[in-house]
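Have a look at the structure below before the remarks.
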Amino acid sequence: LVTVGVSEGISISLLSYVEKGDKVIIPTPSHPFFRIMSEFLGADVVEVPCKEGDFSLDTEAIDDLVDDKTKALLINVPNNPTGKIYDGKHLKKLQNMAANQDFLVISDEIYDYIVFEKKHESIAKYGKENIITLSGFSKAYSMTGWRIGYMHSTEDIINNILPIHNSLVVSAPD
């Protein structure tokens with residue numbers, strides 16, 4: 001699905017799946033928009049600090065926080081502001097949690113081509129169920145004003161998001 005940047009992708013994903021009182025988990029540090037949009041919808045935002053020293057995901061802490069009110073977990077890979085590229089074993093664990101405990105992982109991967117020491121790895125590599133990946137052209141191709149993004153997920157998830165996308169963005173291609 002073509003979006004007006006990653007910000008629209010985050011917004012329409014949350015608008016489609018999160019309601020007031022639902023839980024959204026955000027590993028920190030993270031981009032401020034994750035919290036802003038989640039709170040705008042009335043979600044209970046739970047921040048989980050990444051591990052000190054190397055900013056790895058604390059998947060055990062995340063797993064302890066997931067419950068029946070959890071609707072989404074937002075990650076940014078590579079992370080903004082740290083630049084951390086999360087380890088594949090942590091991404092695989094998050095994907096398994098999302099599939100088995102029925103919540104979405106919304107993965108902002110806009111910096112996927114701006115890596116220097118380690119190769120970017122998408123969470124979608126480990127499975128597509130309950131995963132939304134977002135990226136775009138603005139960072140990798142120095143097109144920051146163009147706001148051209150895209151979303152990848154399962155057909156069911158995209159079809160659930162399309163009505164909101166089509167209502168918010170007139171004339172954008174499907």
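The values are calculated or read from the model by the stated rules, or taken from the named source; none is laboratory data. As the structure is a computational prediction, the values presented were derived from the model and not from experiment. With ideal geometry, Cβ positions are generated from the backbone for all residues, glycine too; neighbour counts draw on all protein chains shown. Areas reflect the complete protein model, heavy atoms only, side chains present, ligands, DNA and RNA absent. Shrake-Rupley method; radii C 1.70, N 1.55, O 1.52, S 1.80 Å.
Values for this structure:
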| read-out | value |
| --- | --- |
| Ellipticity estimate at 222 nm from DSSP helix runs (n ≥ 4, -39,500 (n - 2.57)) divided over the chain, nearest 500 | -10000 deg cm²/dmol |
| Max mean-square fluctuation residue, GNM over the chain, Cα-Cα springs under 10 Å, options A43, A140, A72 | A140 |
| Those chymotrypsin sites (Phe, Trp or Tyr not before Pro) in region 109-154 that DSSP places in a loop and that have at most 15 other beta carbons within 10 Å | Y113, F116, Y141, W146 |
| Beta bridge orientation in the chain: antiparallel %, DSSP, nearest 5 | 25 |
| About the Cα centre, charge dipole magnitude for the chain (Lys/Arg +1, Asp/Glu -1 at Cβ), debye | 460 |
| Surface share of carbon and sulfur [accessible, 1.4 angstrom probe, percent] for the chain | 52 |
| Cβ-Cβ FRET estimate between D54 and V170, R0 fixed at 45 Å, reported to 0.05 | 0.50 |
| Solvent-accessible area per residue for the chain (1.4 angstrom probe, square angstrom) | 50 |
| Inter-label distance for D156 and V45, nm, one decimal - labels placed 7 Å from Cα along Cα-to-Cβ | 2.9 |
| Positive-pole candidate from S11, G88, S138, dipole of region 1-152, charges at beta carbon | S138 |
| Listed candidates [x] 41, 21, 14; [y] 27, 17, 14; [z] 23, 20, 15 - label of the one calculated as semi-axes √(5λ) of the Cα gyration tensor in Å | [z] |
| Residue-count net charge about T154 - beta-carbon cut-off 11 Å; Lys, Arg +1, Asp, Glu -1 | -2 |
| Region 90-98 - phi-based ³J(HN,Hα) in whole Hz, Karplus 6.51/-1.76/1.60, Gly and Pro as x | 6, 5, 4, 5, 4, 4, 5, 4, 4 |
| Among G127, G53, G145, residue whose mean-square fluctuation peaks in a GNM of the chain (springs only between Cα atoms under 10 Å) | G53 |
| Set K92/K139; K69/K93; K51/K84 screened for pairs whose C-alpha atoms are more than 22 Å apart | K92/K139 |
| For region 41-47, 3J(HN,Hα) per residue [Karplus equation, 6.51 cos²θ - 1.76 cosθ + 1.60, θ = phi - 60°, Hz, x = Gly/Pro] | 7, x, 6, 8, 8, 10, 8 |
| Kirkwood Rh and Cα Rg combined as Rg over Rh, evaluated for region 95-170 | 1.02 |
